[in-house]
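Notes to accompany the following structure.
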Amino acid sequence: MKVYLSRRYHFSASHRLHNDAYTPEQNRAIYGKCNNPHGHGHNYVVRVTVSGPMDPVTGMVCNLGELDGFVRRVICERFDHKNLNLDSAFEKLVPTTENLCREIYRIIKSGFAHVMLEDVRVDETSNNSFEYSEREWHLISARQ
Amino acid sequence: MLLLTRKAEFSAAHYYYVDAWSAEENLRLFGKCANRNGHGHNYTLEVTIEGKVDPVSGFVMDLKALKDTIEREVVQVYDHRHLNLEVPEFRSTLPTTENIAVAIWHRLAGKIQGARLHRVRVYEMPDLFADYYGEP
């Protein structure tokens, strides 16, 4: 019996969207206010969806305490109240929320193998959200 | 095809405890949820149905009928109850968010006229929810 479990986590961080490959004018044109040299920040919300059969005894897709402990350690503690541009993941990558979402997916996928990772969604603000998955989107959208 | 979602709420008590395990094992796996005095949540249920829009009424189905079915089959059975002690399906399985989603699916399946049950989503709290699509 396949069940999907989704859990949301929160962290607040600063970033600046800027790419040295562009001229200052191009950076301002492409990234707008997000190119402010001093940076700005968001309250990010990360939604992690895992799936699988339920353990017949515990009735759980995965141990929530383990998932929480893992995500809080590798994601929340790593990024909360930090400057994303200074994180090793963004040495060569602009910390757009697209890239952040994909990095979070990769970090969880590589470190938490107990369960199938379906997708990761990151809300940057209440109006912007991003989702990353390695599954076919038409399969995922079919279950929305 | 069109998806339509109806929300309902119920408040209930539960705990997680496997009798075959020691108290230490239960505490290690379930943490605070293993407290046999129970604790509770305000659950939010979202029932999504799939169907065609009737060309005359403009409805997929009568929302009042869906609301009444959810009320009769789920809310009246779960609301202000202790799930482990008072709801039959949780005498043999733990009332985890996952199991509650599956149980509600089975309670509603076949009882919705004119549309197909697409998804049952159960929020135990705003940051934790389970989805069941009837997949085996």
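The table below gives the values:
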{"quantity": "Per-residue [θ]222 nm for chain A (sum of -39500 (n - 2.57) over DSSP H runs n ≥ 4, rounded to 500)", "calculated": "-7000 deg cm²/dmol"}
{"quantity": "Extension reserve of the A:V74-A:A29 stretch, reckoned as 0.36 nm per residue once the Cα distance is removed", "calculated": "12.8 nm"}
{"quantity": "Residues B:L2, B:L29 arranged by fewest to most Cβ contacts within 10 Å", "calculated": "B:L2, B:L29"}
{"quantity": "C-alpha center-to-center spacing [the range A:71-142, the range B:79-136] in angstrom", "calculated": "29"}
{"quantity": "In range of the label at A:N83: residues from the range A:3-24 whose backbone nitrogen is under 14 Å from the point 7 Å along Cα→Cβ", "calculated": "A:13-18"}
{"quantity": "For the range A:83-135, diffusion coefficient by Stokes-Einstein and Kirkwood Rh (Cα), 25 °C, 0.890 mPa s, µm²/s", "calculated": "207"}
{"quantity": "Calculated diffusion of the range B:1-77, Stokes-Einstein form, Kirkwood radius summed over Cα pairs, 4 °C and 1.567 mPa s, µm²/s", "calculated": "84"}
{"quantity": "q = 0.28, 0.29, 0.32 Å⁻¹, the range B:1-43: log10 I(q)/I(0) [Debye, one scatterer per Cα]", "calculated": "-0.94, -0.97, -1.06"}
{"quantity": "Kirkwood-based shape ratio for the protein assembly as shown, expressed as Rg/Rh from alpha carbons", "calculated": "1.04"}
{"quantity": "Packing-based ranking, highest mean first, of A:56-68, B:79-91 given that Cβ atoms within 10 Å are counted", "calculated": "A:56-68, B:79-91"}
{"quantity": "Neighbouring partner chain Cβ atoms per residue of A:5-14, average, 10 Å criterion", "calculated": "3"}
{"quantity": "Cβ neighbours within 10 Å from other chains - mean over A:61-68", "calculated": "3"}
{"quantity": "Length added when fully stretched, B:E86-B:K67, from 0.36 nm per residue minus Cα-Cα", "calculated": "4.6 nm"}
{"quantity": "Surface/4 estimate of mean projected area, convex hull on alpha-carbon atoms of chain B, nm²", "calculated": "8.9"}
{"quantity": "Average beta carbon contacts from partner chains per residue of B:105-117, 10 Å cutoff", "calculated": "0"}
{"quantity": "Cα-based Lys proximity count in chain B, under 21 Å, for pairs eight or more positions apart or on separate chains", "calculated": "9"}
{"quantity": "Kirkwood-based Rg to Rh ratio, the range A:12-142, C-alpha trace", "calculated": "1.03"}
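Each reported figure results from applying straightforward, stated rules to the coordinates on display, with no laboratory input. No experiment lies behind these values; they were computed from the predicted model shown. Cβ coordinates were reconstructed from backbone atoms using ideal geometry, including for glycine residues, and neighbour counts include every protein chain displayed.
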